[in-house]
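**Student:** After the structure tokens below, expect a handful of questions from me.
The values are calculated or read from the model by the stated rules, or taken from the named source; none is laboratory data. Everything numeric in this text was worked out from a predicted model, so none of it was measured. Quick reminder, even Gly has a Cβ in these numbers, built from the backbone with ideal geometry, and neighbours come from all protein chains shown. Note: areas computed on protein heavy atoms with side chains; ligands, DNA, RNA excluded. Shrake-Rupley method; radii C 1.70, N 1.55, O 1.52, S 1.80 Å.
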Amino acid sequence: MLLVLIAIVSELYSAPRYSSPQEFLAKYMEQEPVSFFKIFPVPDTSNPVTHIKAYVAYTEKEFLSLVVIDSFDLVSTSKSYDDNNIFRGDYVALTLSTYPTKEFAYVFIASKGEGQYDFVLGNHGFTSKDWDGIWSVESKEKEGNLMILFKVPFSSIMFHDSIFYFQLDLNLRGGVISYSTDYNEPSWALFNMHSVCLKGITPSRFQYKLNAIPYMRFQRIEENEPEFAVGGIFELRPDAQSLFSFAFNPDFSTVDLDVISLDLSVGPRIFPEKRKFFLEGANAFTISLPLYNSRNIDTLHYGFKGVWERNTYSLYGLYAKHDANRDFLGFGFSYYTSSKIASPYFRFLRDDSVSTIILGNSSYLQPLKTQIFFEGAINATNRNVGFVLSISRSARPGLGFSARITSVDSSLISPVGIMFYNNKLGYSVNVWYEWLPFKNLRNLVYFAHYGLSKKHLPENIYNGTNVSYQIVTTTFPIWFFKLGFGRTVFGSRNSSYYEWKGFYAGFGPSFKHGSFTWGIEKDLKEDNFLLNFSGSLNVLQSSLNFELSRKSFNPFVESDTTIFQFYGEVPLFKKVFLKPFVSYERSASGGETEEYLRVNMREFLYFNRFTQLAFVQDIAYDVSGGRFERKNFLLRFQLYFQIR
């Protein structure tokens, strides 16, 4: 997700008050607009653009923000609610902070097709990805202009007084081009935003909100008898930053499926978390060492979760019963300072009888744009330890680097972690330089990225060197070119190892309605290679994506794998959506070939934002040798609604 946050200091001004959003739409041109500036790929914060303007107002019950785009055809990739497909196309984002400290902000994202997505963004990096606030958006075309109106009820947000702080962003082509009313660095900071006074509104009081998200599920697997199940997630929200949640037998079958990416690495494949119960508030429980991966909690019978976020600290607790004889307990505390010089934190993990304690601190030196980070962990059962120390700097344009030292004992790992290496002392160094061209080259090259990296883990399994070069054009279609060379060694001193020495390259265009990417990775030492072709097409307010990969891998036994995946979102009617996912996998090794086809279809009917009917079909076939044998069949009918 590319949400570029920008800031130019502006004076406080009073927003006009209207009796209704309709009156605002009729009279918005009578007030002074808020200007936008181009900030990506070539920043120009001195000259406002003329084809995008914003207006802010309010009624007795709502905060209103209108973005008017002159003669610009936006591509909408989602019309549904809380779907990250919205980021594949063009979208407008409203960032709204309601407290003078600006420690957190609400982020509302809308597409041309009135698709909605929201989350809470913290000044210290905290993000609640599934806030699910109550708000609405209205999109219409009038006299050659596209008008997108955000309507945020005051009852949905917490605020201290009548002064609000806001920022608006327009991201085009999936973030390839961005405009904003403000400019901030680092990207998650909320230092300088436009301030507006809403006279006469009543500050919100501390109030609790109860959300019930029950569901009823009917399913049939293979030829078994039909099954009926109930469950749900029940939430208590003291405010926008805090949450207490209980989940009983939750159903995650409507969550987007994982897209498999092939590479020549022998390391494990790690997929991101997508389930609501584990996502919301999880950024307040981050751990640098790979000791916690919620995806390893594959089944959840019941669980409790609490997130208590304040300007200077956050608390996070999670209990999950994920097996008849296994449960997981996690606790986290983080402290934040306004200067960012010190942000210490504490974490505790327990899975069955294995307990791990983690202490860390992150410091950001604003004048140097440099971050210093340390984290240490100890297994409370066997006293094995691990630590990581890193320093990094990122500036565009300019020199950037990161250096990291890691030491981990083999028995430190928690059962829900993803540790896949054991070493006494390892290090990694990355150095890069990004160059912005001169004015006469501005239409040819956006930036050049020179990178040099070195990793070394002596006891087990990885050391390597990498050099890369990348350029991106600025005229449509926007092309990117990337070329890299490297050497990697997998293995240990006492076991067989695999050495990769070769190059990788990629290129492709981004255009109005999609993008394509071609990539190749070639091992010059062995006859190993990886080919990849992927793309996306955004038409008729749909998002369609595909990936085709072929890997030939021969470290020990000759093998090759081919995977084709097709997925996306298609609106069938006004509030009916289809999410298809089709994958074909062919694997050959030692003279034997296996082929599988999987078809997953998910249909959604939205009665309103908080009530939906889902229909899921998941069928897997073994198509090896030309046969067409069904291996798995699941049919699921689910009713999901929220009570607020």
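**Student:** Would you please put 567-575, 90-98, 513-521 in order of how densely packed they are, using the mean number of other Cβ atoms within 10 angstrom per residue and starting with the highest?
**Tutor:** So the peptides 567-575, 90-98, 513-521, ranked by packing, come out 90-98, 513-521, 567-575.
**Student:** Quick one: net charge around Leu257, please, counting Lys, Arg +1 and Asp, Glu -1 for every other residue with C-beta under 12 Å from its C-beta.
**Tutor:** Its environment carries a net charge of +1.
**Student:** Here's another thing I want to ask about it. Using 1/(1 + (r/R0)^6) with R0 = 25 angstrom and r between the beta carbons of Glu143 and Ser35, what's the FRET efficiency to the nearest 0.05?
**Tutor:** 0.75
**Student:** Around Ile341, which amide H atoms from residues at least 5 apart in sequence, or from another chain, sit under 5 Å from its own amide H, with H modelled in the peptide plane?
**Tutor:** The list, which skips near neighbours in sequence, is Tyr364.
**Student:** Kindly state, to the nearest 0.05, the FRET efficiency for Glu592 paired with Phe566, given R0 = 22 Å and r defined as their beta-carbon distance.
**Tutor:** Result of the calculation: an efficiency of 0.25.
**Student:** Moving on to the next point. State the percentage of accessible surface on the stretch 240-334 attributable to carbon and sulfur atoms; use a 1.4 Å probe and exclude ligands, DNA and RNA.
**Tutor:** Answer for the stretch 240-334 is 57 percent, counting heavy atoms of protein chains only.
**Student:** Further, regarding this structure: How far apart, in nm, are the 7 Å Cα→Cβ label points at Thr611 and Ser261?
**Tutor:** Taking the two extended label points, one gets 4.0 nm.
**Student:** Spelling out what I want: for every residue of the stretch 341-358, take phi, set θ = phi - 60°, compute 6.51 cos²θ - 1.76 cosθ + 1.60 (Karplus), and round to whole Hz; glycine and proline get x.
**Tutor:** Once rounded to whole Hz, the list reads 5, 9, 9, x, 8, 9, 9, 9, 10, 9, 10, 6, 9, 9, 10, 9, 10, 10.
**Student:** Okay, next question. Compare the peptides 620-633, 380-393 by average per-residue count of other Cβ atoms within 10 angstrom and give them in order, highest first.
**Tutor:** 380-393, 620-633
**Student:** Give, in nm to one decimal, the length gained when the segment between Phe481 and Arg383 is fully stretched (0.36 nm per residue of separation minus the Cα-Cα distance).
**Tutor:** 30.5 nm
**Student:** Further, regarding this structure: Pop out the carbon and sulfur fraction of the accessible area of the stretch 557-638 as a percent, whole number, probe 1.4 Å.
**Tutor:** C and S atoms contribute 59 percent here.
**Student:** I've got another one for you. Through the Karplus equation 6.51 cos²θ - 1.76 cosθ + 1.60, θ set to phi - 60°, convert the phi angles of the stretch 583-590 into ³J(HN,Hα) values in whole Hz; use x for Gly and Pro.
**Tutor:** Karplus values, whole Hz, x for Gly and Pro: 9, 10, 10, 10, 10, 10, 7, x.
**Student:** Accessible area per residue of the stretch 298-396 at 1.4 Å probe, in Å²?
**Tutor:** Spelled out: the 1.4 Å probe surface of the stretch 298-396, per residue, equals 47 Å².
**Student:** In Å and on Cα atoms, what radius of gyration and Dmax does the stretch 513-613 show?
**Tutor:** Values for the stretch 513-613 (Cα only, Rg and Dmax): 18.4, 58 Å.
**Student:** What does the net charge come to around Val388 if you take all other residues with beta carbon closer than 9 Å to its beta carbon, with K and R at +1 and D and E at -1?
**Tutor:** So the environment of Val388 carries a net charge of 0.
**Student:** Now a separate question. Using a 7 Å offset from the Cα along the Cα-to-Cβ direction at both Ser559 and Asn249, what is the distance between the two label points in nm, to one decimal?
**Tutor:** Once both label points are built, they end up 3.9 nm from each other.
**Student:** Multiplying the sequence separation of Lys501 and Trp518 by 0.36 nm and subtracting their Cα-Cα distance, what value in nm do you get?
**Tutor:** So the extension gain works out to 4.1 nm.
**Student:** Hey, can you grab everything whose amide H is under 5 Å from the amide H of Leu291? Only 5+ residues off in sequence or another chain; H modelled, so Pro and N-termini drop out.
**Tutor:** The answer is Ile418.
**Student:** Right, next: Within the set of other residues whose C-beta is less than 11 Å from the C-beta of Val49, count the net charge using Lys and Arg as +1 and Asp and Glu as -1.
**Tutor:** Overall, the nearby charge balance is 0.
**Student:** So what are the ³J(HN,Hα) numbers for the stretch 147-158, from phi and the Karplus equation (6.51, -1.76, 1.60; θ = phi - 60°), rounded to whole Hz, Gly and Pro as x?
**Tutor:** Each residue of the stretch 147-158 in turn: 10, 10, 10, 8, 10, 10, x, 4, 6, 8, 10, 9 Hz.
**Student:** Something else about it: If R0 is 45 Å, what FRET efficiency do you get for Ser14 and Asn296 from their C-beta distance, rounded to 0.05?
**Tutor:** After rounding to 0.05, the efficiency reads 0.30.
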